[in-house]
Amino acid sequence: MKATRREIKPVEELVFSDDFMFGAVMMDAEICKGVLERLLRIKIDHVEYPELQKSITPFYTKKGVRLDVYVADSDRVFDVECQSYKISNIGKRTRYYQSMLDIDSLMKGSDYSTLKESYILFICLDDPFNADLPIYTFERTCKEDERIDFNDQAHHIVFNASAYEKEDDAEIKEFLSFVKNNKAESDLTRRIANMVQTKKFEQSFVNEYMAWNLHDMDVRRQGRAEGRVEGRTEAARNALALGLSVAQVAKITGLTEEEIQNL
């Protein structure tokens, strides 16, 4: 999901906010439940299933979405993302993730009226909106009369760990401080910190982490290769439109004359 090139971080340097470690730790149902209850100030009866990096890929689209943690309880569904790098277009990301959560539910045979209440949470190390708020909550209301609730039961919440000192809720403040500074000062964050250290010595985790990184690298390489081909194809079309010959276009773009003739 990361758009920028990155090196593989050594396992011993991983912290909770690192993508793969975050997903692995949140696979612990009690930790996952504790994090959600703390951040949302709600009670969760139980965690039905946390599933690491769940890929929801509807049959009619080739583009899937990889969710960091996808977890449901009996009445609600949650997508929890941890972003250790600054991201753009967070609004459109949440819009897309929301659609995937809803489609995943409807594909299981439910009518739209039975869609669960949903929460999409982004836990960010840096402020994506540059407003220096610790929490940004987005819910739909009527622009003409804000007293009118759209009642789609979709909640999009962004937590900005870099502004943890401005948070009034002591438990949320401590959790965001832990995410930002990696210093545990509560039972929950100490349990998370211990889990992080334990994972580093699990060979199965190390193997999965390396395999995940290699797959990520392959995807990025494939994407760059496809982008180069697409770029040459577009350049060829533009050159032909300007009246250049097939031979000239082939020389400029590196495409074969046969490929150009097929455009």
Cross-chain or 6+ apart pairs with Cβ under 6 Å, region 116-145 first and assigned to a loop (DSSP other than H, G, I, E, B), then surrounded by fewer than 13 Cβ atoms within 10 Å (Cβ to Cβ): ARG140/PHE150; CYS142/ILE148
Matching residues, region 197-224, being acidic (Asp, Glu) and modelled with pLDDT of 90 or more: GLU202
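Any residue at all in region 112-126 that is under 24 Å from ALA193 (Cβ atoms) and basic (Lys, Arg)?
No.
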Unmet criterion (only one of (1) at pLDDT 90 or above; (2) assigned to a helix (DSSP H, G or I); (3) farther than 22 Å from ILE31 by Cβ; (4) more than 17 Å from the chain's Cα centre (by Cα)) for SER113: (1)
Pair list, Cβ < 7 Å and 6+ apart or interchain, from region 23-50 residues that are closer than 12 Å to ARG76 by Cα to residues that are at pLDDT 95 or above and among the acidic types (Asp, Glu): LYS43/GLU37; ILE44/GLU37
Hey, ILE120 of a type outside the set (Asp, Glu), assigned by TED's automatic domain parsing to the domain that holds ASP75, surrounded by 12 or more Cβ atoms within 10 Å (Cβ to Cβ) and touching a Phe, Trp or Tyr at 6+ places or on another chain (Cβ under 9 Å) or not: yes
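Is it the case that THR141 is surrounded by 12 or more Cβ atoms within 10 Å (Cβ to Cβ), under 16 Å from ASP68 (Cα atoms) and modelled with pLDDT under 95?
Answer is no for this residue.
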Failed condition for GLU258, given (1) surrounded by 13 or more Cβ atoms within 10 Å (Cβ to Cβ); (2) modelled with pLDDT under 85; (3) part of a helix (DSSP H, G or I): (1)
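Residues are listed down the side, and each one gets a yes or a no for (1) surrounded by fewer than 17 Cβ atoms within 10 Å (Cβ to Cβ); (2) in a helix (DSSP H, G or I); (3) at pLDDT 80 or above; (4) not hydroxyl-bearing (Ser, Thr, Tyr):
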site: VAL179; (1), (2), (3), (4): no, yes, yes, yes
site: MET195; (1), (2), (3), (4): no, yes, yes, yes
site: THR233; (1), (2), (3), (4): yes, yes, no, no
site: VAL249; (1), (2), (3), (4): no, yes, no, yes
Answer residue from region 64-106, given it is touching a helix residue (DSSP H, G or I) at 6+ places or on another chain (Cβ under 9 Å) and β-branched (Val, Ile, Thr) and is nearest to VAL158 (Cα to Cα) among those: VAL80
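The values are calculated or read from the model by the stated rules, or taken from the named source; none is laboratory data. If you're wondering where the values come from, they're calculated on a predicted model, not measured in any experiment. A quick note on method: Cβ atoms are made from the backbone with ideal geometry, for glycine too, and the neighbour counts reach across all protein chains shown.
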